[in-house]
Each structure stands twice: as structure tokens, then as C-alpha cells.
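Down below is the structure, laid out as C-alpha cells.
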Amino acid sequence: MNAAKIDREPHVVAIDLGIKRNILRLLCSSGFRVTVVPAGESAAAILARKPDGIFISNGPGDPAAVKQTITTVRDLTKGDVPLFGICLGHQILSLAYGAKTYKLKFGHRGVNHPIKRMRDGAVEIASHNHGFAVDPETLPANVRVSHINLNDNTCAGIEHREKPQFSVQYHPEAGPGPADPLYLFRQFSDHIAARVG
């Protein structure tokens, strides 16, 4: 992020579904002022905080059961505030777009999962901890798969084709690789800088 473009710390609102402390640390080290809100916060209440970016956190369980947050994120996707989701946040963003999720026969756990980045074919080593996945066949036409898990070809990331909205299934903050996926925080920073600057 080019700090010269921005005369203040960009404000990120993080929706807490079970957020990891290291994610908050990385958001702060990216130069953001971070406000954490509970999973039940409405889109109107989040937007009233005037965020420059919105982060949808990781968390446990079946994403389809988190109906209130899906509704909130669906409302947020209609705007132009950059969105970034990790793990459960990735699944909720996908559900907000109208996609479907399904339970994996064997969940993805631990480190050293090979993830292919579709835009250039690069392979990242990533950490996983989830039991559900997004069905890529149900994504709308304006959302594409950005990453796949090479172990089983499941969807490991999505991005909107026109808006600064993206998410990944894995945990870039967990230090596998040890830092292969940390560029995702820079990508979020770039999206926010482009909007604020």
C-alpha cells in the first residue's frame, strides 16, 4: 500500500465469527485501524461506522447455519466497500452470492495443503481447518474461483469479477510456507488504497 496516498489510517470493520488474534495483528500491521463487531451486527450498523474495508472472519461450524451474517454480507456485497473473507468468512461470502456449500467427507486439517492460484498457476502452501467447502458450480457468473486445493480440487478461494471482494478457504495468517499467502493482506490493502486514495 502506498501510504502517501492516504492521510489517515484506513478503517477496517472485522465481523467476528471466531476471529484469530493473529488475523487482527496482521490487519493492524497492514496499517489499518480495526473495529471488531459481533456476528449479529447488521449491514446498516457496519456501514454507519464508515469502514474503508470489511473483513469477514474465520470460525467454526456449518456456514449455512449462520443465517443472520449471510444476510448482512449479502447486503454488504451490493456496495463498493472492499470485502475480504477467510475460512468461514469465505463460505459466508459465497453463500451471500447465492452459492451452495457442502460437508466434506473428510475435513481439511493442518498445514502443507498445496493451493493453486488460478491467475498465474503459482502454488502456495497453506494451513486449513474446516469441514465444509463451496460448490464452485453454484457460484454466479460474476464470481470466479481464484484458488483450488490440489489435494482434492475443491474451491479454495473466490473473487468478484468487477468488485474488490474476495475470500480464501485457508488460513494465510497461520504461517505455513511460511509466508506464501500473506500477499492476500496486501491485496486487501491495495483494494482499500484504490478506494480511499
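Looking at segment 189-197, can you tell me whether even one residue there is of a type in the set (Val, Ile, Thr), in contact with a Pro (Cβ under 7 Å, 6 or more places away or on another chain) and open to solvent by less than 10 Å² (accessible area, probe 1.4 Å)? Steps first, answer last, please.
First pass over segment 189-197, keeping only residues of a type in the set (Val, Ile, Thr): 192, 196.
After this cut, where a residue has to be in contact with a Pro (Cβ under 7 Å, 6 or more places away or on another chain) as well, the list is 192, 196.
Subsequent filtering for residues that are open to solvent by less than 10 Å² (accessible area, probe 1.4 Å) retains 192.
Yes, the conditions are met somewhere in segment 189-197.
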### Query
What do you reckon, is Thr35 in a helix (DSSP H, G or I), open to solvent by 30 Å² or more (accessible area, probe 1.4 Å) and of a type in the set (Val, Ile, Thr)?
no
### Task
Can you give me the number of residues within segment 82-103 that are touching a residue at least 40 places away in the same chain (Cβ under 8 Å) and over 18 Å from Ala126 (Cα atoms)?
9
### Query
In the list Val123, Val111, Val66, which residue meets the criterion of being of a type outside the set (S, T, N, Q) and loosely packed, with under 15 Cβ neighbours inside 10 Å?
Val123
### Query
Out of all the residues in segment 126-155, which are of a type in the set (Ser, Thr, Tyr) and either within 18 Å of Ile86 (Cβ to Cβ) or surrounded by 18 or more Cβ atoms within 10 Å (Cβ to Cβ) (or both)?
Ser127, Ser146, Thr154
### Summary
Among the residues of segment 14-32, the number that are in a helix (DSSP H, G or I) and open to solvent by less than 20 Å² (accessible area, probe 1.4 Å) is 2
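The values are calculated or read from the model by the stated rules, or taken from the named source; none is laboratory data. Quick caveat, the model's predicted, so the values are computed rather than measured. No Cβ is skipped: glycine too gets one built from the backbone with ideal geometry, and neighbour counts run over all protein chains shown. Ligands, DNA and RNA are stripped out before the accessible areas are found, and what is left, the full protein with its side chains, is counted by its heavy atoms. Shrake-Rupley method; radii C 1.70, N 1.55, O 1.52, S 1.80 Å.
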